[in-house]
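Asks: Below is a structure I'd like to ask you about.
The values are calculated or read from the model by the stated rules, or taken from the named source; none is laboratory data. Given the structure is predicted, the values throughout are model-derived calculations rather than measurements. Heads up, the Cβs are rebuilt from the backbone with ideal geometry, glycines too, and the neighbour counts pull from every protein chain shown. Only protein heavy atoms, including side chains, enter the accessible area calculation; ligands, DNA and RNA are left aside. Shrake-Rupley method; radii C 1.70, N 1.55, O 1.52, S 1.80 Å.
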Amino acid sequence: MRVGVVGAGFSGTAVAVHLLAGLPAGSRVDLFERDARCGRGLAYGTSCPSHWLNVPAGGLALDPQQPEGFVLWLQQRFPGFAGGDFVPRMLLGQYLADELAAAEAAGRSRGVSLQRHRCEVLDLERDDEGYRVCGPGAPATTLDRLVLATGHLPPRPPVWPGADWQQPGFVADPGAAGWLDTVEREAELLVLGSGLSAVDVVLALQDRGHRGAITLLSRRGQWPQAHRDLADRPDPGASPAPLPDWSGLNRVRPMMRTLRQAAAEAAARGCDWRDVMARLRPEIPAAWQRLGERERRQFLRHVQPWWDSHRHRVAPGIAARLAALRASGLLHSAAGRLRQTEHRADGRIELLWDARGGGPARMTVDRVINCTGTSTDLRGGGSPLLARLHAKGWLQADPLGLGLQIDADLSVPGQAGLFYIGPMLKARDWEAIAIPELRVHALRLAGALAGAVPAVTPTRSSPAACC
Ligand SMILES: Cc1cc2nc3c(=O)[nH]c(=O)nc-3n(C[C@H](O)[C@H](O)[C@H](O)COP(=O)(O)OP(=O)(O)OC[C@H]3O[C@@H](n4cnc5c(N)ncnc54)[C@H](O)[C@@H]3O)c2cc1C
């Protein structure tokens, strides 16, 4: 059996590791990655030491069957670390690369090989023999099965009348190389978005000694909530937080009402809303699948800013740094929408924006940086491969731009032998972009490909770490 995996971020690496352990002798895994390093992907390829994981290390092993894996790896190198610690993201990238190397060696010893190809896959071809990948430097190899693990799309910059992200002073993709080094230390900055991407940018700027004011502008002006310190987390023996009863609910409003009630009950019992969110997490894919398109739109419009700030939290140490920056007057948040921008003769950028609940307001800055987060919307471009497969009718995009339409066994509908794993599962599950879910998908997909478990398995993840 020959299995191809396109993309070696967390998802592709996890699938490859399990395939190397599970495929029969004589099989081969071909891993295609456009970047030089495997195991990093967008999230774990950062070299900024202030970019921390947003959950404790104990919840982040590659293999859900060996949940201590990452902590053991850390402790071999940094004996002081424990499962409740938050650590820099780059360490997880190194751990994933090491896991792949170990799986490669173990696979070789039992007759399963890994071929790494550094190339960007731009298209796929298929005939009776199987799939072939196309792109500069791609090998002429026929694959029996192919897994797309191409990950995140670059952010879609917001639009307003006259918006032009190519102009000097505008940064459309903060993940692009080099722009940080061109920002003057005293520059006043407008960051669009106030989620984890914005936090990454603020911390990277602070590490470089930035002294200019930074304003985060977002729909509601909400900061990401913080995780609790280890000392404040509930005793594992304590009674669990209440679980909102979403069984049978197919509308957003009653779901949110029961969630608020459960949070209030949790507070009365000495735990808090974080415990409720953690218990709810495995239920979310099924609940999301019960919502029709209209209800999903309601959620995106009215609930998502609140949801994201409570669900995607920052480590306590990062929250403390942000609080100190705010107290110093260098970091502000504003709620509203950008309406117009204009370059002044002195090179600065004049902004007209509508404050939420207020009138038009003005601001003058040196740079505008788009931190609205990665995209799952194929219409925004960013992946020549996915765009090509979509144009050929092989991939179906979600009507709300949340990703791809993918079957329960992660197969691409109508394309025998083609599978997808990664953040584009958000369209199907909503809760699909983080390691606790992706690692379960990776294990099941690799198991199905190796013939070890039935192809169709439930998509529920294990309960998320309570933190
Ligand atoms: C900044 C950030 C921080 C996060 N922090 C956490 C966290 O703390 N905890 C947590 O649980 N989750 C976190 N997540 C979420 C989660 O871990 C990521 O969503 C996960 O890494 C997704 O991995 P992926 O492999 O699917 O995608 P990606 O990481 O995007 O990797 C995709 C890979 O495919 C390659 N690729 C793409 N197209 C091609 C092509 N055509 N040919 C060849 N190669 C290609 C890319 O170069 C890349 O290496 C974070 C996400 C982000 C973006």
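Asks: Inside region 420-443, can you point out the residues that are modelled with pLDDT under 95 and more than 10 Å from the ligand (Cβ to nearest atom)?
Replies: Within region 420-443, just Glu431 meets the criteria.
Asks: Sticking with this structure for a sec: Just to verify a result, which residue in region 22-40, among those that are of a type in the set (A, V, I, L, M) and either farther than 23 Å from Leu91 by Cα or touching a Ser or Thr at 6+ places or on another chain (Cβ under 9 Å) (or both), is farthest from the ligand (Cβ to nearest atom)?
Replies: Result: Ala25.
Asks: Okay, moving on. For residues that are in contact with a Gly (Cβ under 9 Å, 6 or more places away or on another chain) and of a type in the set (Asp, Glu), scanning just region 308-354, find the one that is most open to solvent (accessible area, probe 1.4 Å).
Replies: Among them, the one singled out is Glu342.
Asks: Turning to a different aspect of this structure: Which one is farthest from the ligand (Cβ to nearest atom) among residues in region 3-21 that are in a helix (DSSP H, G or I) and under 12 Å from Gln115 (Cα atoms)? Before you say what the answer is, go through the steps one by one.
Replies: Initially, region 3-21 is screened for residues in a helix (DSSP H, G or I), giving 10-21.
When the remaining residues are screened for being under 12 Å from Gln115 (Cα atoms), the result is 16, 20.
On the way: Ala16: 11, Leu20: 17 Å.
The qualifying residue farthest from the ligand (Cβ to nearest atom) is Leu20.
Asks: Only residues that are within 16 Å of Gly175 (Cα to Cα), surrounded by fewer than 17 Cβ atoms within 10 Å (Cβ to Cβ) and more than 16 Å from the chain's Cα centre (by Cα): list them for region 37-66, please.
Replies: Ser47, Cys48, Pro49
Asks: Of all residues in region 140-159, count the ones that are open to solvent by 10 Å² or more (accessible area, probe 1.4 Å) and assigned to a strand (DSSP E or B).
Replies: Residues in region 140-159 being open to solvent by 10 Å² or more (accessible area, probe 1.4 Å) and assigned to a strand (DSSP E or B): 1 in total.
Asks: Quick check on my filter: what residues within region 19-60 are of a type in the set (Lys, Arg) and within 24 Å of Glu437 (Cβ to Cβ)?
Replies: Within region 19-60, the first condition is being of a type in the set (Lys, Arg), and the residues that meet it are 28, 34, 37, 40.
Those that are of a type in the set (Lys, Arg) and within 24 Å of Glu437 (Cβ to Cβ): Arg37, Arg40.
Asks: Which numbered condition trips up Tyr131, out of (1) hydroxyl-bearing (Ser, Thr, Tyr); (2) more than 26 Å from Gly45 (Cβ to Cβ); (3) without any contact (Cβ under 8 Å) to a residue 60 or more places away in the chain?
Replies: (3)
Asks: I'm trying to understand the selection: among the residues of region 94-122, which are of a type in the set (D, E, K, R), outside any helix (DSSP H, G or I) and either without any contact (Cβ under 8 Å) to a residue 40 or more places away in the chain or within 14 Å of the ligand (Cβ to nearest atom) (or both)? Walk me through how you get there before you give the answer.
Replies: Filtering region 94-122 for residues of a type in the set (D, E, K, R) gives 98-99, 104, 108, 110, 116, 118, 120.
Those left that are additionally outside any helix (DSSP H, G or I): 110, 116, 118, 120.
Result: Arg116, Arg118, Glu120.
Asks: So in region 87-139, with the set limited to residues that are hydroxyl-bearing (Ser, Thr, Tyr) and more than 29 Å from the chain's Cα centre (by Cα), which one is least open to solvent (accessible area, probe 1.4 Å)?
Replies: Keep residues of region 87-139 that are hydroxyl-bearing (Ser, Thr, Tyr), which gives 95, 109, 113, 131.
From the residues that got through so far, the ones that are more than 29 Å from the chain's Cα centre (by Cα) too are 109, 113.
Working: Ser109: 101, Ser113: 44 Å².
So the residue we want is Ser113.
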